[in-house]
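The values are calculated or read from the model by the stated rules, or taken from the named source; none is laboratory data. Because the structure is predicted, anything quoted here is derived from the model rather than measured. Please note: Cβ atoms are built from the backbone with ideal geometry, for glycine as well, and neighbour counts cover all protein chains shown. Heads up: the accessible areas ignore ligands, DNA and RNA and are worked out on the full protein's heavy atoms, side chains in. Shrake-Rupley method; radii C 1.70, N 1.55, O 1.52, S 1.80 Å.
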Amino acid sequence: MSDSGEHVLVDWPIAVYEELTSLEVSQVSFVPDAGLTQLINLCNADPAIHTIPLTSEEEGIALSAGAWLGGVRSAVLMQSSGVGNIVNMLSLSRTCRFPLFILVTMRGESGEVNEWQVPMGKGAPTILDVSGVNVRRAEKEDQVARLVGQAARTAFTCGKREAVLISQSVIGVKSFNK
Amino acid sequence: MEPVLNRRDVVAELLSNRGEAAAIVGLGACVWDAAASGDHPLNFGLWGAMGGAVPMGLGLALAQPRRRIYVITGDGEMLMGLGSLATVIVKRPHNLAIAVIDNEKYGETGMQRTHTAYGVDLSSVALGMGFSVARQVNHSEELRASLKTWQESSGPVFLNIKVKADPLPLVLPPRNGVYLRDRFVKALKSND
């Protein structure tokens, strides 16, 4: 997102999409975030991927477990506020050692103008950590796809729970014309 | 109207003549009901993750489009995940059938009344969401008449089955999540 609130096409979503498809991810579920728009559009355009909009992020954690039982790899996309909605459902992934890959776009970090985003912006990494999800943070655009590839590969091949948090310095700040 | 159906009989009926169907069973008494009808490697019983049965069934149904996928869960568990019924409708999996075993109580926590005891009608909710079939089942004749729909109709199918709230003996299936997971995957592969 640019300062004027317009979407500017960037490169990292294409690279992330390519990482996910190379790992044969075929279910992508999400509660949308402005910063995820381009990636969601790429997944929507791919007939080999089921894209599944969720009413609440916790559905994505259960969906991912069901997909894995059925032999399919899944990715769950959400904004940092969504991390607060998944905490109990993570006990499913953790107790049964289901692979889980989560991609989180951060709000509430430096430059945020909406105070309501700050609590989960601050809490998301810690909440994921204490819930047994390994956290990797992408602070620069050119780190995103590499970290996604590493995290998703570890999740699916080692049966781990992995999240990549994309910093607001990559996504940009929603300006509300302030 | 007082419910007349016995939940153990209902779940045993739902799981009879199942062919290659796989079942996600929601937290609480439904897991004991499924165990009472006979432990099965393609029953995945949840001992937690309240609200997760339907979305887990959705992920499985999309991953296994040629296999019938059942979700059997209680009214309390379903109420916690009502939004997931809307998510099911986005994908409309033809092979997904959901049954709520509705005793109008939170059975594992002291039989407190759930929202269905106050008039919330889950089959109307499912109808409004857009399910292909959404009906309430009150009597054994209605249950028998719904079994073919449950097993074969193009979904998503939703049955809300009113049952008595009698206390029943616990019948516990395995609860080690990794064991449940591994035996499910193995059984799925063996008859893929």
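Worth a mention:
- Of all residues in the range A:21-44, those that are under 16 Å from residue A:155 (Cβ atoms) have Cβ atoms under 6 Å from Cβ atoms of residues that are open to solvent by less than 10 Å² (accessible area, probe 1.4 Å) and of a type in the set (A, V, I, L, M, F, W, C), 6 or more apart or on another chain, in A:23/A:152; A:25/A:75; A:27/A:67; A:28/A:43; A:28/A:75; A:29/A:52; A:29/A:63; A:29/A:76.
- Of all residues in the range A:92-122, those being within 14 Å of chain B (Cβ to nearest Cβ) and either of a type in the set (A, V, I, L, M, F, W, C) or under 13 Å from residue B:177 (Cβ atoms) (or both) number 9.
- Given (1) in contact with a helix residue (DSSP H, G or I) (Cβ under 8 Å, 6 or more places away or on another chain); (2) open to solvent by 20 Å² or more (accessible area, probe 1.4 Å), index of the condition residue A:124 fails: (2)
- Checked against the criteria, residue A:175 does not count as part of a loop (DSSP other than H, G, I, E, B) and open to solvent by 80 Å² or more (accessible area, probe 1.4 Å).
- Within the range A:71-91, considering residues that are at the interface with another protein chain (Cβ under 7 Å from one of its Cβ atoms) and open to solvent by less than 10 Å² (accessible area, probe 1.4 Å), the one farthest from residue A:115 (Cα to Cα): A:74
- Residues that are surrounded by fewer than 17 Cβ atoms within 10 Å (Cβ to Cβ), small (Gly, Ala, Ser) and touching a residue at least 12 places away in the same chain (Cβ under 8 Å), drawn from the range B:133-164: B:140, B:153, B:154
- On inspection, residue A:64 does not qualify as within 21 Å of residue B:81 (Cα to Cα), out of contact with any helix residue (DSSP H, G or I) (no Cβ under 8 Å at 6 or more places or on another chain) and either of a type in the set (A, V, I, L, M, F, W, C) or modelled with pLDDT of 95 or more (or both).
- Qualifying positions in the range B:75-89 - within 11 Å of another protein chain (Cβ to nearest Cβ), part of a helix (DSSP H, G or I) and not β-branched (Val, Ile, Thr): B:80, B:83, B:84, B:85, B:86
- Residue count for the range B:165-188, restricted to those that are touching a strand residue (DSSP E or B) at 6+ places or on another chain (Cβ under 9 Å), modelled with pLDDT of 95 or more and open to solvent by 30 Å² or more (accessible area, probe 1.4 Å): 2
- In the range A:93-106 there is at least one residue matching the filter, namely being surrounded by fewer than 17 Cβ atoms within 10 Å (Cβ to Cβ) and either in contact with a strand residue (DSSP E or B) (Cβ under 6 Å, 6 or more places away or on another chain) or part of a loop (DSSP other than H, G, I, E, B) (or both).
- Residue within the range A:61-68 that is more than 8 Å from chain B (Cβ to nearest Cβ), polar (S, T, N, Q) and open to solvent by less than 10 Å² (accessible area, probe 1.4 Å) present: no
- Only residues that are open to solvent by 10 Å² or more (accessible area, probe 1.4 Å) and in contact with a Leu (Cβ under 7 Å, 6 or more places away or on another chain) were counted in the range B:12-28, giving 2.
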